[in-house]
1. Going by what's in this entry, would residue 81 be described as at pLDDT below 90 and outside any loop (DSSP other than H, G, I, E, B)?
2. Among the residues of the stretch 43-67, write down those that are surrounded by 12 or more Cβ atoms within 10 Å (Cβ to Cβ), under 15 Å from residue 23 (Cβ atoms) and touching a helix residue (DSSP H, G or I) at 6+ places or on another chain (Cβ under 8 Å).
3. Any chance the stretch 11-30 includes a residue that's over 22 Å from residue 91 (Cα atoms), loosely packed, with under 13 Cβ neighbours inside 10 Å and at pLDDT 80 or above?
4. Quick check on the stretch 55-67: of everything there that is more than 12 Å from residue 35 (Cα to Cα) and assigned to a strand (DSSP E or B), which residue is modelled with the highest pLDDT?
5. Starting from the stretch 57-68, keep only residues that are farther than 11 Å from residue 84 by Cβ, then list their pairs with residues that are at pLDDT 95 or above and surrounded by 14 or more Cβ atoms within 10 Å (Cβ to Cβ) whose Cβ atoms are within a distance under 8 Å, requiring at least 6 positions of separation or different chains.
6. Looking at this structure, is residue 46 under 18 Å from residue 63 (Cβ atoms), in contact with a strand residue (DSSP E or B) (Cβ under 9 Å, 6 or more places away or on another chain) and either at pLDDT 85 or above or assigned to a helix (DSSP H, G or I) (or both)?
């Protein structure tokens, strides 16, 4: 599934507009970057990243999750932060 078709599919999934936009943010970042952390997603307005990720997985996304250290925008080190990467999509 190509990027535009995938984003269109994610947006069309029946949920509230805010949930749709949060899923759109997540899927766009997963395509853009190799890996996205919970901190990255929260900084971009995704209120509860694990829920957004779970929603994408429910729609067929194959997303890998690894826990490791991350530094937030204030320079604070956080332990065991989830980092997500898009592996593929079940069609």
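1. On the way: at pLDDT below 90: no; outside any loop (DSSP other than H, G, I, E, B): yes.
When the stated conditions are applied, residue 81 does not pass them.
2. 44, 46, 49, 50, 52, 53, 55, 56, 59, 61, 63
3. no
4. Quick first cut of the stretch 55-67, residues more than 12 Å from residue 35 (Cα to Cα) only: 55-62.
With the extra rule that they be assigned to a strand (DSSP E or B), the set shrinks to 61-62.
Numbers: 61: 91, 62: 94.
Among them, the one singled out is 62.
5. 68/81; 68/83
6. Details: under 18 Å from residue 63 (Cβ atoms): yes; in contact with a strand residue (DSSP E or B) (Cβ under 9 Å, 6 or more places away or on another chain): no; either at pLDDT 85 or above or assigned to a helix (DSSP H, G or I) (or both): yes.
Answer is no for this residue.
The values are calculated or read from the model by the stated rules, or taken from the named source; none is laboratory data. These numbers come from a predicted model, not from an experiment. When we count neighbours, we look across all protein chains shown, and the Cβ atoms used for this are built from the backbone with ideal geometry, even at glycine.
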